[in-house]
1. Which one of the conditions (1) within 14 Å of chain B (Cβ to nearest Cβ); (2) over 24 Å from A:ARG281 (Cβ atoms); (3) not polar (S, T, N, Q) does A:TYR250 fail to meet, given that it meets all the rest?
2. Could you tell me which of the residues B:ALA424, B:ALA418, B:ALA398, B:ALA406 is of a type in the set (Gly, Ala, Ser) and in contact with a strand residue (DSSP E or B) (Cβ under 9 Å, 6 or more places away or on another chain)?
3. With B:ARG19, B:ARG118 as the choices, which residue is under 36 Å from the mean Cα position of the chain (by Cα) and among the basic types (Lys, Arg)?
4. Does the stretch A:22-37 contain at least one residue that is open to solvent by 10 Å² or more (accessible area, probe 1.4 Å), at pLDDT 90 or above, part of a helix (DSSP H, G or I) and outside the structural domain of A:PRO169 (by TED's automatic domain parsing)?
5. Condition test on B:ASP157, is it under 25 Å from B:ASP372 (Cα atoms) and facing chain A (nearest Cβ under 10 Å)?
6. What about B:LEU231, is it in contact with a Cys (Cβ under 7 Å, 6 or more places away or on another chain) and more than 30 Å from A:PRO53 (Cα to Cα)?
7. Filter the stretch B:320-333 down to the residues that are open to solvent by less than 50 Å² (accessible area, probe 1.4 Å) and more than 13 Å from chain A (Cβ to nearest Cβ) and list them by number.
8. If B:GLU67 passes every condition in (1) open to solvent by less than 90 Å² (accessible area, probe 1.4 Å); (2) in the same structural domain as B:GLY174 (by TED's automatic domain parsing); (3) over 30 Å from B:TRP402 (Cβ atoms) but one, which one does it miss?
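The values are calculated or read from the model by the stated rules, or taken from the named source; none is laboratory data. In this text the structure is predicted, and so the values were computed from the model without any measurement. Neighbour counts run over all protein chains shown; Cβ positions are idealised from the backbone, glycine included. Ligands, DNA and RNA are excluded from the accessible area calculation, which covers all protein heavy atoms including side chains. Shrake-Rupley method; radii C 1.70, N 1.55, O 1.52, S 1.80 Å.
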Amino acid sequence: MSLMKLTVSVAALAVATSAQARDNVQVAGSSTVLPYASIVAEAFGENTDFPTPVVESGGSSAGLKRFCEGLGENTVDIANSSRKIRDKEVKACAEAGVTDIIEVRFGYDGIVFASQKTGPDYTAFEPADIFNGLGAKVMVDGKLVDNTYTKWSDFNAALPAEEIAGYIPGTKHGTREVFEIKVLEVGCKATGAYDAYLAENGGDKKAASKSCYGVRSDGRSVDIDGDYTETLARIASNAAGVGVFGLSFYENNTDKLKVATVSGVEPTTDTIATGEYPVSRPLYFYVKKAHIGVIPGLKEYAQFFIAEEIAGAEGPLAEYGLVADPELEKTQALVADEATLGSNM
Amino acid sequence: MSLYLESPRTKKRNAAERRFQSYGLAAIAAALFFLVVLLGQIIGNGSGAFIQTRLTVPVTLDAAAIEKAEGSMMKTSGYRKLIVASLSAEMQAKGIEAELDSKAAKALLSSGAPNTLRQHVLANPADIGSTVTLKLAGSSRLDGYMKGRVTRESISDDKAITPAHLDLADELIGVGLLSKGFNWGFVTGNDASDLRPEQSGMGQSVLGSLAMMLVVLAVCLPISVAASIYLEEFAPKNKLTQFIEVNISNLAAVPSIVFGILALAAFIQFGGGTIGIEAFRASAPLVGGLALSLMTLPTIIIATRAALKAVPQSMRDAALGVGASKMQAVFHHVLPLAMPGIMTGTIIGLAAALGETAPLLLIGMVAFVQTDISGATSFFTDPNVGMPAQIYIWATRADGAWYERAWGGIILLLIFLACMNIVAILLRRKFERRW
């Protein structure tokens, strides 16, 4: 049985290859950060003697969960996140022994509303309109009622008379949280629904905010759990549909998408950097301090990531759509000192 | 009633047969139609990935500039300046009046081009000081323009490239500096970041899939053959063996993601973490192969047992009758006759494993990975991805050029599958015996 011998010897070879310790940085987390992280990883591999880091995606929450699994070579070194780490997650990390976490904010990303290039123009969006269109309950004649609007023009005559169809990121995405806070809650307050919720909940602000985050469940608001390409596919099949995208994704698909203004401002890296465009969020990655010195190239990767030549206004990340952080120097000093989460609070 | 005339009953029966035959033909025609549409789609969308636009640039390798570049943090940006200066000079020499500012250079040249030059310099240090003519990849937008994917209308809102840049590209074609050629890099290269679709290739993931298939073969074939022979030829038929048989069938129907979670817990967290086997780490094809083995094992066992069952009992009886032991009867007579069936079952199991991404999702093999595979050991332990995972990753990326790459990857995946099937057919021909 020569074939048997062959397979057995291959098996023996495969098992006998006890390689040295892991020498590449292992990264997991936000799919929004993934393109940036892969650009940095590629440049890092090109310009240094370290191997190219491995970058996985899967969402901010999933990434931070894996980050908090514990210490050691079989856990990830860095978690990418499109939102700040939650206290709950810091606690979960600490319970698993991951106590010293370095938080690195490397820039900002705009969240844009976009529709089919050949479809109707959405040029009059206010956060209130998004809330009226997609919120679970809306204010009608001073009363909080279930959302029954069917067309955008039902509540804002400046908007086209098109069927409401919103494609928003699912709850496992960090983008969802920004969408809730910067769009739904703002719109909720502007329409007065927040006050109504507040009265309903006996003045409990947290509960009122939470109620504002509810989206309608009659099929007009669709959660997209996949990537932006899935949202793009949904938009492609619905001329009136409006989707939530990252600025960088939109900028790479200007041949298929048309961007909507929010409060009259068109999203660009400039309007986001000045804060004129209201919906943006900081992007982070989190580093395990205990892995620095154990995994070769970990600190160098973190420093490389936030170097002026990479994350600065002229760097490749800005070219892809990142809004450079004006306080980048502060972050550079923070990483150089390996300042952890607790120490700078 | 004449014999030459069909009775109404015969007519009816013949008509029924003709109807049935036409249904069969229609079914085959429908299947062929779908196959043609599918292949047409794949080839139509994916063939572009095998063609690459390149700029021919005679680069003057200035020693001082290279030394300065090597001393900086972003070494490649120094090389970029060299390329832009050389291309600019070449354009003037060829009589193109338009100026190559940094924006135009960015719009036309791949951001991976400086690294191509740097790798050339590192490999040929003797060239420093002279002028070398290199073919450097054009940007994905330029590539799209050359293939008709990008037009002046489609880039009206694009920030990376303007119609003026496309005019410049037309002039470059005129003087022969810009051309299209076969893209070997797509077959041999590795993944690239989102900014550089033009630099990406499937080569690394082909190796990743190959490594996983070898692991699956090495693990599954001996285990499943041994298990099947024992169950089929030696084991007594009792409650316990029945219980085992039922559970093998059950395992074959378990969703593949379950095996991914099992692999994460058993191999990476327990094997790599608790026991400390260093080869068991995230993103390693060895672990990926083991995860896929768990999934494939029941399938191959079932196929192997069916092949053993198909060997006529008279073979065993004859062998036993001339005094062979049970083991001799099995290994000398039954197993060789069952071999073609075992091969087929194994290849079908491998093909199913090749197409899986779900079990790999949790063990870090659906990721951005760039690895230079060198040596037999790193082949199994260096981080890598499988071909379907690579295709999935590309399909989720923003730039339209990745879509073309994903389809191109499907073509390579199909070729890989076809090769596996051809091997299976050849092996079967070689071992096949008739009785």
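1. With respect to (1) within 14 Å of chain B (Cβ to nearest Cβ); (2) over 24 Å from A:ARG281 (Cβ atoms); (3) not polar (S, T, N, Q), A:TYR250 is out only on (2).
2. B:ALA398
3. Numbers: B:ARG19 fails: under 36 Å from the mean Cα position of the chain (by Cα).
When all the criteria are applied, what remains is B:ARG118.
4. yes
5. Numbers: under 25 Å from B:ASP372 (Cα atoms): no; facing chain A (nearest Cβ under 10 Å): yes.
So B:ASP157 fails the test.
6. Criteria not met by B:LEU231.
7. First, pick out the residues of the stretch B:320-333 that are open to solvent by less than 50 Å² (accessible area, probe 1.4 Å): B:324, B:329-330.
Answer for the stretch B:320-333, where residues must be open to solvent by less than 50 Å² (accessible area, probe 1.4 Å) and more than 13 Å from chain A (Cβ to nearest Cβ): B:ALA324, B:ALA329.
8. Here B:GLU67 clears every test but (1).
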